[in-house]
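Down below is the structure, laid out as structure tokens.
The values are calculated or read from the model by the stated rules, or taken from the named source; none is laboratory data. Given the structure is predicted, the values throughout are model-derived calculations rather than measurements. We place every Cβ from the backbone using ideal geometry, glycine too, and count neighbours over all the protein chains shown.
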Amino acid sequence: MKTSKTAILLLATCLTAPAFAQDTSPPASAETAEDEGTAIIVTGSRIKQDPTKSAAPLQVITPSDLSREGINGPEQLISFLSTNGNGADNLASNSDVTTGAQRGTNGLSAANLRGQGAAATLVLLNGRRVAAHGLTGGAVDVNQVPFAALERVEVLKDGASAIYGTDAIGGVINFITKSNFQGVVLNGFTDITQRNDSAIYRLSGTAGYGDLSTQGFNIMGAVSKSWNSALLGQDRDFVNGNQPNRGLSVDTRGTPIATAFPANTNSLFAPNGSLLGGTTNSSANFYLPGLLIPGTTTRADGGINPLDLPGGAGCDSVNGGMAYDEVLWSVPGAKFACSWDTGRAAVLQQPLQTLTFYGKATLALGDHRLAAEITGSDADSKKRFSNNQYSINATTMPLYYPLNATTAATYNSVYDAIAGTFPAVGAVGDRTVDTVGNYGKPIAYRWRNIPGGNREYVTNTKTIRGALTAEGPLGGTWDYRAGGSYAKSEASSVLGTGYHYAGIFRSAANATASGVAGAVSGGIDPRAPTAPGASRPGIIGLLNSGILNPFSVTQSDAALAGLEAISAEGTTLYGGQYEVKQFDASVSGSLFDLPAGPVQVALGADYRRETYSFNGSAAAVAGQAEIFNVAFDNVNALTPKNRNVKAVYAEMSVPVLESLELTGAVRLDDYTGFGSTVNPKLTAKFSPFDWVLLRASYNTGFRVPAFNQIFNGVTESPNPGNNLTDPSTCPVGGVVNVTAGCGAITPTSLSGGNVNLGPETSEQYSAGIVFTPAPQFSASVDFWSIAVDNTIGALTIAQLLANQSYFPDRVIRTGGVITQLDLRQDNIGSRRTQGLEVALRGGIDALGGVLTAGLDGTYLVKKREKFLPSAPFGSSLIGVFTYAGDLGLKWKHSAFINYAVDDMLFSFSQIYRNGYKNNALPASASRPDYNARVKAYVTYNLSAAMDMNDKLRLTAGVRNVFDTDPPFAITYDSNTGSGSSWEPRVADPRGRSFTLSIEAKF
């Protein structure tokens, strides 16, 4: 097996070829003749041209390409493209705790060409816009595309603001549907992993009747239903946050078996103090005197878990449990604390069900074509992530396990375990309750709500789009194209499992707004439901009654019934709607002839009206009980906001010589609230010989901010981590809480919109060469450069701390200590990106059939950012880990080798993603097995297709043939609790899987 595997790897490496047709291969168009070289409208131009001789890199993908790779949906297609970036744009990247731009992307999968971000990639359907996702209003959900109706996908890897307006900075993806389709095609697809989990299924049907050329009409329709089942983190061994030797351990002390903490008194639940705390709220008495780790002078203020004490069962006796790494996190007082692997609770493949439909009617009136089309989708997704953690706070989260008849056995066990190591608590076996001793005082704690279930957001997204189009000749060489469309995306999220009513007023603002007489922060909230048997409402009432036992992994029926009674499942989280109304018209034709050919021109006008609205949940407004730890985002609620866009454009193609053609385009856009912008584009292609083509382009672009980037309210979020330091006082290489000036800081952060945002502007150019020495051989290399200024976005915590000298007003200090960071949206600087795109194709007649191979690759040459015009550009971001945004891999490719004989096709392909500099948690670099670089991620796919007859085609495949796990990478972020030991922006977590597709024609 080793020898055969090695041989295959060497063969694939030598061929270095990926999977899709490149610009040198003609698209299969149902709207034009099949003859190679026929002029058609291609993505990125309004003038008909030969798609095999494009002046811009244009990649064309056909259904046979998709079938060969076992690709069953748009998200898999996007992630397969080597030119697509590595942002948090797929469902796996957004399956955990998210903040900033990723929050509210429930169920969204987006494109990110050339790593410029999802909002900088324009997604079209048959050349016209679709609505952005209803929740974010900033990016298109590609899962709404009617996959069953596709004839091809055109990927323009070049800026196109001069043709399409805003968004087209990174490029354009145009999904083009079948036309003049006749007959019936049924397709069934299944993709099941070797471990028999996370299955993917798709059923689709397409039917059409009528021939435009002979009958003058065509009617077609397609419908598809897909199911993606869940893949849990705990079901993959590579998801493991407990790898301290490698520098990875999870910074949480909220565990399935509670960790005891010192705490202040609480007048309702702990009037005489807690077991490990003092008797007053005085800071001098906050910790129990003498609560020292044996043999040291270190106070055990970081939590004490009975499992981790001498004689305890051990933190790892609980599923997902681990000893807290107090050295890695520089928290010496947590020596006897436990931690819990939150990554195991994340869902690596989100459950997703999607229904898409498409219908089109086309009428031929001579050479004129009138068409009406409608498409829509209905998708249900379930975002599941780690269970809620409840952390003791004497006011906002008063958790005190009491001593009563129900709790006595557990209380005594915990008391004796702690007292056995910490005599200051009391004597083992002491059962004397008085005002002097500690026995009987409630135990303050931090706990992970495993019996309450994973936190879950259930999101439904519906889209609808209708269009009317007309095209035909005007006389002579001139023709026209006109149309109007309406598109809408409406999404709403409700709470699933894992959320419960708090039972107290957790803030003064919430108490004031409640309308309850005498309500104060920390007081009882009578609006919350009360669990059976509890005397006070909400989760606080249930936990402080002792009915639920946080020191046990098993719960009584009464405890489970109590959780059910106070569950917030089904509560509306938020919803949003995005609408696009568009009208466009253009004419094109020849102005006059030059010796080398006709001068062609296209003139057009567009009008577009965009509307966005966002609503929070009624459960978060005054008069409703608070639900613990829910990001309702009511502060971001928007009544409908409108934006009108009016544009005119012109494009001209001039054949200077038979071998040289120049094309210029210019577009004037007028945006509500942003004024007018003019963006030109110039392209040139020079073919001194039939087998070589030189091409180049220059263009400018722009992107206006999304509605929510402008109008979102201000949200203040806590920072639960303890690994942040102030770079202005902590030297490079300093250790948290050890090196002078490196004390841990836990600032809150502000996020939200900015009504003063301006548009991004871009300037880009490219130059390339295409070789076609023989009909079955081609090679192309294109260099591209994108410069973006006035970048729209929000700084991360790390970026702001590292660049605070440029943003002094965004770093708030109290007593000299950073207590708040302003991370609201802004035009935060500039970005420079350069790269090379490579495409190779080759084929020969061999072994009685045809052997073909190919490669599509992207090599990143430059990736740098700066955050103010006056600031210098930072160091290179190529191959450097970042928590947010696009992870710039130096090299990516997809490669294939095909063998076709008779009615069979065999394919073997390779997916390669270069390694990069690993993340480093505090003290991780000193661990013996810490890897400074993440290994390259390389997988192989195999497929075989056979035409059983002219009616039936079977395609079977193996994805990830060698069952390669994602490489180890430290992605855990203690500031959010998200991430684990692998990188979802790069790797596929499913492992080896088996695909089968059956296509039947009638």
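Quick notes on this one:
Each row is one residue, and each column tells you yes or no for (1) over 25 Å from ALA605 (Cα atoms); (2) among the aliphatic types (A, V, I, L, M); (3) without any contact (Cβ under 8 Å) to a residue 24 or more places away in the chain.
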site: LEU156; (1), (2), (3): no, yes, no
site: ASN196; (1), (2), (3): yes, no, yes
site: ILE200; (1), (2), (3): yes, yes, no
site: LEU212; (1), (2), (3): yes, yes, no
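- Just one of the listed residues (LEU232, LEU156, LEU248) is crowded, with 23+ Cβ neighbours inside 10 Å and within 30 Å of GLY321 (Cβ to Cβ), and it is LEU248.
- Residue in the stretch 357-373 that is under 30 Å from PRO984 (Cα atoms) and either touching a helix residue (DSSP H, G or I) at 6+ places or on another chain (Cβ under 6 Å) or at pLDDT 95 or above (or both) present: yes
- Within the stretch 725-753, the residues that satisfy the criterion of being at pLDDT 85 or above and touching a Pro at 6+ places or on another chain (Cβ under 8 Å) are THR739, GLY741, CYS742, THR746, THR748.
- Strands (runs of 3 or more DSSP E) (entirely within the stretch 815-871) containing at least 2 residues that are within 22 Å of SER907 (Cα to Cα): 830-846, 849-866
- Residue, nearest to the chain's Cα centre (by Cα), within the stretch 375-431, restricted to residues that are of a type in the set (Val, Ile, Thr) and outside any loop (DSSP other than H, G, I, E, B): THR375
- Enumeration of residues in the stretch 469-516 that are of a type in the set (Phe, Trp, Tyr) and part of a strand (DSSP E or B): TRP478, TYR480, TYR486, TYR501
- Filtered residue count, the stretch 291-329, keeping only those that are surrounded by fewer than 21 Cβ atoms within 10 Å (Cβ to Cβ) and not hydrophobic (A, V, I, L, M, F, W, C): 15
- When SER653 is tested against (1) surrounded by fewer than 20 Cβ atoms within 10 Å (Cβ to Cβ); (2) assigned to a strand (DSSP E or B); (3) of a type outside the set (A, V, I, L, M, F, W, C), only condition (1) is not met.
- Test: residue in the stretch 236-251 that is outside any strand (DSSP E or B), charged (D, E, K, R), under 32 Å from the mean Cα position of the chain (by Cα) and under 21 Å from GLN555 (Cβ atoms): no
- Qualifying positions in the stretch 62-76 - more than 13 Å from PRO146 (Cα to Cα) and in contact with a Leu (Cβ under 7 Å, 6 or more places away or on another chain): LEU66, ILE71
- Meets criteria (within 29 Å of GLY991 (Cβ to Cβ), among the charged types (D, E, K, R) and more than 22 Å from the chain's Cα centre (by Cα)) for ASP902: no
- The stretch 913-931: number of residues that are free of Cβ contacts under 8 Å to residues at least 40 places away in the same chain and surrounded by 18 or more Cβ atoms within 10 Å (Cβ to Cβ): 2
- Among residues of the stretch 973-997, those that are β-branched (Val, Ile, Thr) and under 20 Å from the mean Cα position of the chain (by Cα), counted: 2
- Answer from ALA270, ALA260 - the residue that is in contact with a helix residue (DSSP H, G or I) (Cβ under 7 Å, 6 or more places away or on another chain), over 21 Å from ARG344 (Cβ atoms) and either in contact (Cβ under 8 Å) with a residue 40 or more places away in the chain or aromatic (Phe, Trp, Tyr) (or both): ALA260
- Matching option when the condition is crowded, with 19+ Cβ neighbours inside 10 Å and either aliphatic (A, V, I, L, M) or at pLDDT below 80 (or both), among GLU75, GLU36, GLU69, GLU31: GLU69
- Restricting the stretch 759-775 to residues that are exposed (fewer than 15 other Cβ atoms within 10 Å of the Cβ) and at pLDDT 90 or above, the residue that is nearest to LEU693 (Cα to Cα): PRO773
- In the set (1) touching an Asp or Glu at 6+ places or on another chain (Cβ under 7 Å); (2) over 30 Å from LYS581 (Cα atoms), LYS462 fails one condition alone, (2).
- Residue within the stretch 670-685 that is surrounded by 17 or more Cβ atoms within 10 Å (Cβ to Cβ), of a type in the set (A, V, I, L, M, F, W, C) and assigned to a strand (DSSP E or B) present: yes
- Filter result (crowded, with 18+ Cβ neighbours inside 10 Å, aliphatic (A, V, I, L, M) and within 27 Å of the chain's Cα centre (by Cα)) within the stretch 873-899: LEU877, ILE878, ALA884, LEU887, LEU889, ALA895
- Residue match in the stretch 751-770 (condition: hydrophobic (A, V, I, L, M, F, W, C), under 33 Å from the mean Cα position of the chain (by Cα), under 30 Å from ALA696 (Cα atoms) and not in a loop (DSSP other than H, G, I, E, B)): yes
A quick yes/no check of all residues on (1) at pLDDT below 90; (2) buried (at least 24 other Cβ atoms within 10 Å of the Cβ); (3) assigned to a helix (DSSP H, G or I); (4) in contact with a Gly (Cβ under 9 Å, 6 or more places away or on another chain):
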| position | (1), (2), (3), (4) |
| --- | --- |
| THR98 | yes, no, no, yes |
| LEU135 | yes, yes, no, yes |
| ASN143 | yes, yes, yes, yes |
| ILE169 | no, yes, no, yes |
| ILE173 | no, yes, no, no |
| VAL185 | no, no, no, yes |
| ASN196 | no, no, no, no |
